[in-house]
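S.K.: Shown below is the structure under consideration.
The values are calculated or read from the model by the stated rules, or taken from the named source; none is laboratory data. It should be emphasised that the depicted structure is a prediction, and the values quoted were computed from it without experimental measurement. All Cβ positions, glycine included, derive from the backbone under ideal geometry; neighbour counts span all protein chains shown. The protein model used for the area step is the full one, side chains on, heavy atoms only, and it has no ligands, DNA or RNA in it. Shrake-Rupley method; radii C 1.70, N 1.55, O 1.52, S 1.80 Å.
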Amino acid sequence: ILNVEQSPQSLHVQEGDSTNFTCSFPSSNFYALHWYRWETAKSPEALFVMTLNGDEKKKGRISATLNTKEGYSYLYIKGSQPEDSATYLCAFITGGNQFYFGTGTSLTVIP
Amino acid sequence: DAGITQSPRHKVTETGTPVTLRCHQTENHRYMYWYRQDPGHGLRLIHYSYGVKDTDKGEVSDGYSVSRSKTEDFLLTLESATSSQTSVYFCAISAVVNQPQHFGDGTRLSIL
């Protein structure tokens with residue numbers, strides 16, 4: 001069993017604020033890192049797949065960075081909107097094809 | 001949306017009974033996964049499949065078995081359900097391991 005930590009556990013921000021969260025994972029046996037967005041009463045939806053140290057990915061106002069040497073990834077949301085309210089999950093994938101999800105960061109954007 | 005169907009969507013059963021959950025995909029993806037979601041634990045991998053008749057254990061495989069006799073179907077079986085297996089179960093699929101997973105809508109299983 002392996003630890004994937006996400007922080008903070010929950011976050012409330014005002015509409016228009018920018019925010020970021022962290023996913024920490026072991027720096028050994030890294031294969032890939034996934035970010036997912038999970039809205040209440042729906043299933044998780046993929047945001048990014050990151051495989052290389054130094055990777056930066058962007059989709060609209062959301063971006064992510066990856067540091068495999070120190071074992072962390074950041075997810076950034078610029079100019080948060082109420083529709084960004086969701087739980088954001090990261091998943092660490094090992095060389096042995098095992099998936100370990102963090103418990104998520106719950107984001108609430110207040111209009 | 002990826003073509004993934006989980007059945008049943010809800011089930012209530014008694015301790016000691018066998019339970020089978022089905023995941024059906026229409027995407028012809030190689031990889032299929034079963035997760036359980038519990039408060040405070042997020043999603044935990046139970047078993048996954050990397051092809052027909054090819055399966056492997058995940059983090060929380062005890063008490064569960066799986067079978068994949070066709071590309072499109074991945075079955076999760078609780079041979080003798082226990083109350084600790086009350087959970088929401090999600091199936092996911094992906095074409096290759098380092099591509100994003102697409103999730104089904106989940107099955108809410110209650111074991112009394």
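S.K.: Could you identify the single residue in A:S80, A:S43 that is in contact with a Lys or Arg (Cβ under 9 Å, 6 or more places away or on another chain) and part of a loop (DSSP other than H, G, I, E, B)?
M.R.: Working: A:S43 fails: in contact with a Lys or Arg (Cβ under 9 Å, 6 or more places away or on another chain).
Result: A:S80 is the single residue among A:S80, A:S43 that is in contact with a Lys or Arg (Cβ under 9 Å, 6 or more places away or on another chain) and part of a loop (DSSP other than H, G, I, E, B).
Rundown of residues vs (1) under 26 Å from B:Y48 (Cβ atoms); (2) more than 14 Å from chain B (Cβ to nearest Cβ), yes/no style:
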{"site": "A:N20", "(1), (2)": "no, yes"}
{"site": "A:V49", "(1), (2)": "yes, no"}
{"site": "A:N53", "(1), (2)": "yes, yes"}
{"site": "A:S63", "(1), (2)": "no, yes"}
{"site": "A:E70", "(1), (2)": "no, yes"}
{"site": "A:Q81", "(1), (2)": "no, yes"}
{"site": "A:Y100", "(1), (2)": "yes, no"}
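S.K.: Here is a follow-up. Exactly one of these conditions fails for B:G63: (1) in a strand (DSSP E or B); (2) within 14 Å of the chain's Cα centre (by Cα). Give me its number.
M.R.: Among (1) in a strand (DSSP E or B); (2) within 14 Å of the chain's Cα centre (by Cα), the lone unmet condition for B:G63 is (1).
S.K.: Mind telling me which of the residues B:T17, B:T77 ends up being over 14 Å from the mean Cα position of the chain (by Cα) and touching a residue at least 40 places away in the same chain (Cβ under 8 Å)? Before you say what the answer is, go through the steps one by one.
M.R.: Details: B:T77 fails: over 14 Å from the mean Cα position of the chain (by Cα).
Criteria check complete, one pass: B:T17.
S.K.: Scanning for something in a strand (DSSP E or B), buried (at least 20 other Cβ atoms within 10 Å of the Cβ) and among the aliphatic types (A, V, I, L, M), does the range A:102-111 turn up at least one residue? Give the steps one after another, and end with the answer.
M.R.: Step one: list which residues in the range A:102-111 are in a strand (DSSP E or B), which gives A:105-110.
Still in the running and buried (at least 20 other Cβ atoms within 10 Å of the Cβ): A:105, A:107, A:109.
Then keep just the ones that are among the aliphatic types (A, V, I, L, M); that gives A:107, A:109.
Yes - at least one qualifying residue is present in the range A:102-111.
S.K.: Please indicate, with yes or no, whether at least one residue in the range B:71-87 is away from chain A (no Cβ under 14 Å), open to solvent by 60 Å² or more (accessible area, probe 1.4 Å), closer than 24 Å to B:R30 by Cα and not basic (K, R).
M.R.: yes
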